Amino acid sequence: MRHFPIFLNVVERRVVVSGAGECAVSKLRLLLKTDANIVVIGADPVPQIRRWAKEGRLALIERRIEPADVAGAALVYGANDDEEEDARAAGIGRQAGALVNIVDNLNHSDFITPAIVDRDPVTVAIGTEGAAPVLARKIKADLEARLPASLGLLARIGQSFRHKAAMLPMGRKRRDFWSRYYSGEGDAALKEGGEHGAQAKLEELLTDSIETRPRDGHVSLIGTGPGDPELLTVKARRLIHEADVVLHDRLVPDAIIELARREAIIVEVGKTGYGPSWKQEDINALLVEHAANGAQVARLKSGDPGIFGRLDEELDALDEANISWDIVPGITAAAAAAASSGLSLTKRGRNSSIRFMTGRDVEGFAEHDWRDLAKSGSGAAIYMGVKAAAFLRGRLLIHGADAQTPVTIVENASRANQKTVSTTILALPDALAEAGITGPAVLLYGMAPRKALAVAAGVSPENIAEQAGAV
Ligand code: SAH
């Protein structure tokens, strides 16, 4: 983000526009919506600017800009449609400490003016850093259609009620009150009964909130899927948005955490094999502490919370503290890895069962029923298996697995940087090293990706064909 969006208070501040032609008119249309003291400086002004001057909406000086014109100015616009004169105006503006904008010249401007959807006091500003003005206009058109014209009035009525609403305790109670007003009830009352209707609705909602008991704290243990925010469930999205507190694992991407409200407390409680990480007891304690204080807590875990997510330990702690909870399932990494490789996790004639296995457990590399897994007809999705690859290969081969059994490695499943590699159990450690797999990866044992997808992922067709015979 090269430009940081802010809303600048320009009430009674001097804003100077150098240029009085058509180029200045379009900027002035926006500036005239404010309460700034607007000064337009330019010889030969167009009739529209003369009219505004006559109406007293701006001051007009019919000559070129001079340093004395910008004393104390907050903003200076170069709108002469003339490179040299704009550069001169910009120099004068900067000298006086004002922020400068040259119309249609991003590189020489200190700030840019966004496209605006105006429902005063609600203003939506849209910027693309000059990358796509057409896109900004399209977004503006979409928002214009979506935000009712009455929104500004609704917000103004709300604003005048803020002192009364202040009698509700800060936090959830007050938020729920406003949320009801702005999520349809206020608008409906406004349409039906005009301004009085909306005011009466606010009174009614206030009485209602005073009388209802505050909600108890609660923890939702939410699976956020493998990384692609579109793979989040609708329920997960809603709960994240409603949460007072969000505690998330390291693998949960920013795009999902950003769905939380800005005032929400957000804590990463990541556990990594390396570097500082949270102890499970501390995570449990934090969950209990926030919920006991009455917070609605969203505990976000990657994939599905019930697959290698240490779910039970957290549930036990909550039960012990008598805190209510619910679980929201998510798409586990194996499902996403299989989908992106065009694979079915089970297949008639290939594997009639699939295991979810971990390569690691508290004791180190995890032991399993290798003999059973080595039998043909078995399949496994191996989580946390990258570091255990040589161990896995050794155990499976000793117990009679076919050395050519296919393995599909999927790193960062569903994310933009996903990588898929097709190999065999024999070549697994080398394939992992060669592909430089360092991110989270699932190993799909007993499964080769579909040919077309494997080629797309950069694997040679010969290699795939060879392994397909081994399935
Ligand atoms: N509860 C999660 C698993 C957590 S354990 C789930 O259901 O997916 C962490 C392991 O999950 C990682 O070591 C890796 O093996 C796997 N994993 C998580 N996200 C992944 C992704 N986007 N792509 C591939 N593997 C992933």
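The values are calculated or read from the model by the stated rules, or taken from the named source; none is laboratory data. Fair warning: this is a prediction, and the values are worked out from it, not measured in the lab. Note that each Cβ is placed from the backbone with ideal geometry, even for glycine, and that neighbours are counted across all protein chains shown. Note: areas computed on protein heavy atoms with side chains; ligands, DNA, RNA excluded. Shrake-Rupley method; radii C 1.70, N 1.55, O 1.52, S 1.80 Å.
Test residue 371 against the criterion of being of a type in the set (Lys, Arg), away from the ligand (no atom under 11 Å from the Cβ) and free of Cβ contacts under 8 Å to residues at least 40 places away in the same chain, and give yes or no. Yes, satisfied. Here region 288-330 is the region considered, the condition is being near the ligand (Cβ under 8 Å from one of its atoms) and part of a loop (DSSP other than H, G, I, E, B), and the residue that is most open to solvent (accessible area, probe 1.4 Å) is 308. Filtering 203, 263 for residues that are acidic (Asp, Glu) and not assigned by TED's automatic domain parsing to the domain that holds residue 304 leaves a single hit, 203.
Under the condition of being free of Cβ contacts under 8 Å to residues at least 40 places away in the same chain and either of a type in the set (Phe, Trp, Tyr) or surrounded by 12 or more Cβ atoms within 10 Å (Cβ to Cβ) (or both), the residues counted in region 143-159 number 8. Filter region 342-368 for residues that are assigned to a strand (DSSP E or B), within 16 Å of the ligand (Cβ to nearest atom) and open to solvent by 90 Å² or more (accessible area, probe 1.4 Å) and give the result. The answer is 356, 360, 365. Only residues that are free of Cβ contacts under 8 Å to residues at least 12 places away in the same chain and either under 18 Å from residue 122 (Cα atoms) or not hydrophobic (A, V, I, L, M, F, W, C) (or both) were counted in region 176-202, giving 8. Determine whether residue 188 is in contact with a helix residue (DSSP H, G or I) (Cβ under 9 Å, 6 or more places away or on another chain), small (Gly, Ala, Ser) and modelled with pLDDT of 90 or more. Yes. Hey, among the residues in region 103-128 that are acidic (Asp, Glu) and farther than 16 Å from residue 9 by Cβ, which one's most open to solvent (accessible area, probe 1.4 Å)? This residue is 104. Quick check on region 118-126. Is at least one of its residues in contact with a Phe, Trp or Tyr (Cβ under 9 Å, 6 or more places away or on another chain) and of a type in the set (Ser, Thr, Tyr)? Checked against the condition, which is being in contact with a Phe, Trp or Tyr (Cβ under 9 Å, 6 or more places away or on another chain) and of a type in the set (Ser, Thr, Tyr), region 118-126 yields at least one hit. Could you tell me how many of the residues in region 41-81 are open to solvent by 70 Å² or more (accessible area, probe 1.4 Å) and free of Cβ contacts under 8 Å to residues at least 12 places away in the same chain? The number of residues fulfilling the criteria is 6. Determine, yes or no, whether residue 403 is open to solvent by less than 20 Å² (accessible area, probe 1.4 Å) and either part of a loop (DSSP other than H, G, I, E, B) or at pLDDT 95 or above (or both). It is false that residue 403 is open to solvent by less than 20 Å² (accessible area, probe 1.4 Å) and either part of a loop (DSSP other than H, G, I, E, B) or at pLDDT 95 or above (or both).
Just one of the numbered conditions (1) without any contact (Cβ under 8 Å) to a residue 40 or more places away in the chain; (2) under 24 Å from the mean Cα position of the chain (by Cα); (3) within 16 Å of the ligand (Cβ to nearest atom) is not true of residue 262: (3).
Within region 206-243, restricting attention to residues that are within 16 Å of the ligand (Cβ to nearest atom) and assigned to a helix (DSSP H, G or I), which residue is farthest from residue 323 (Cα to Cα)?
Let us first name the residues in region 206-243 that are within 16 Å of the ligand (Cβ to nearest atom), namely 220-233, 236.
Add one more test, that the residue is assigned to a helix (DSSP H, G or I), and what stays is 229-231, 236.
On the way: 229: 29, 230: 30, 231: 29, 236: 20 Å.
So the residue we want is 230.
Among the residues of region 1-40, the one identified as in contact with a Gly (Cβ under 6 Å, 6 or more places away or on another chain) and open to solvent by 20 Å² or more (accessible area, probe 1.4 Å) is 14. Only one entry in 263, 195 is open to solvent by 40 Å² or more (accessible area, probe 1.4 Å) and not in a loop (DSSP other than H, G, I, E, B), namely 195.
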